[in-house]
Amino acid sequence: MSSADQTTRARNSTHIDIHDSTTRKHWADLLQVSDERLRKAVRMVGTRVSSVSAYLAK
């Protein structure tokens, strides 16, 4: 799968695939956080985008 395909899939997802570096980079950039901060958020609240976004907004 190409990087563009992975990015498109990430945009349409309700969950963050924390194990895929391209997807992780996409969400970290979109949420304006570091890779480590994104990983921590997922550890704390799970992979659902809305939960991660709400956690990071605190």
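The values are calculated or read from the model by the stated rules, or taken from the named source; none is laboratory data. Every value quoted in this text rests on a predicted model; they were computed, and no experiment measured them. Counting neighbours? That spans all protein chains shown, and the Cβs are built from the backbone with ideal geometry, glycine included. Side chains included, ligands, DNA and RNA excluded: accessible areas come from the protein's heavy atoms. Shrake-Rupley method; radii C 1.70, N 1.55, O 1.52, S 1.80 Å.
Points to keep in mind about this one:
- Most to least accessible of Lys25, Lys40, Lys58 (protein chains only, probe 1.4 Å): Lys58, Lys25, Lys40
- Accessible surface, 1.4 Å probe, highest first, among residues Leu30, Leu38: Leu30, Leu38
- Nitroxide proxy distance, nm - points 7 Å out along Cα→Cβ at Lys40 and Lys25: 2.3 nm
- When the residues Ser53, Ser21 are ordered by accessible surface, computed with a 1.4 Å probe over the protein chains alone, the sequence from largest down reads Ser21, Ser53.
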